[in-house]
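Trainee: Structure incoming, see below.
The values are calculated or read from the model by the stated rules, or taken from the named source; none is laboratory data. Treat the numbers as computed from the prediction; the structure is a model and nothing was measured. Here the Cβ is made from the backbone with ideal geometry for all residues, glycine too, and neighbour counts use every protein chain on show.
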């Protein structure tokens with residue numbers, strides 16, 4: 001039984017040198033094509049969700065509980081490794097809850113850092129496909145700004161930060 005399965009598998013999928021396999025629906029299977037298809041499917045699934053917030057300013061997005069949850073989830077998934085679960089940073093990574101912003105603390109500057117990264121310092125957000133930084137950036141901005149204003153920032157420092165809601 002195992003031998004029959006192995007022969008069938010090698011006939012369908014590439015596995016013997018340059019042999020490309022029979023494939024499915026006239027297409028040869030590759031891990032790259034599977035990845036690209038899964039990413040395209042994910043793009044379709046999330047496009048409507050992100051489109052809802054794309055035209056809004058970060059201050060408007062911050063008023064939506066769903067956007068706040070999405071932004072928090074994105075932060076927890078992609079930012080927490082460097083900036084910490086409390087957004088207070090760690091050695092070599094900036095604290096996002098204080099008033100000291102290396103590249104500017106306005107929503108536009110935070111979005112720029114997330115979407116485009118900072119050379120030699122921070123890679124751009126690449127969550128889903130090539131346009132991700134632009135799409136998820138605004139939701140992350142809301143999460144970062146909220147963390148900055150609501151956490152341990154002294155009241156005097158809050159005046160220099162633009163409001164999120």
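Trainee: Test residue 115 against the stated conditions and say whether it is within 21 Å of residue 141 (Cβ to Cβ), touching a helix residue (DSSP H, G or I) at 6+ places or on another chain (Cβ under 7 Å) and at pLDDT below 85.
Mentor: When the stated conditions are applied, residue 115 passes them.
Trainee: Another question, then. Have a look at 140, 160 and point out the one that is within 27 Å of residue 35 (Cα to Cα) and either at pLDDT below 80 or loosely packed, with under 13 Cβ neighbours inside 10 Å (or both).
Mentor: Residue meeting the stated conditions: 140.
Trainee: Here are 58, 14: which of them is closer than 18 Å to residue 113 by Cα and either modelled with pLDDT under 85 or surrounded by 13 or more Cβ atoms within 10 Å (Cβ to Cβ) (or both)?
Mentor: Of 58, 14, the one residue that is closer than 18 Å to residue 113 by Cα and either modelled with pLDDT under 85 or surrounded by 13 or more Cβ atoms within 10 Å (Cβ to Cβ) (or both) is 58.
Trainee: Quick one: is residue 84 modelled with pLDDT of 85 or more and surrounded by 15 or more Cβ atoms within 10 Å (Cβ to Cβ)?
Mentor: Considered against the rule, which asks whether it is modelled with pLDDT of 85 or more and surrounded by 15 or more Cβ atoms within 10 Å (Cβ to Cβ), residue 84 comes out as yes.
Trainee: Counting only residues that are within 18 Å of the chain's Cα centre (by Cα), without any contact (Cβ under 8 Å) to a residue 60 or more places away in the chain and under 30 Å from residue 105 (Cβ atoms), give me the helices (runs of 4 or more DSSP H) lying completely in the range 1-87 with at least 3 of them.
Mentor: 31-54, 65-78, 80-83
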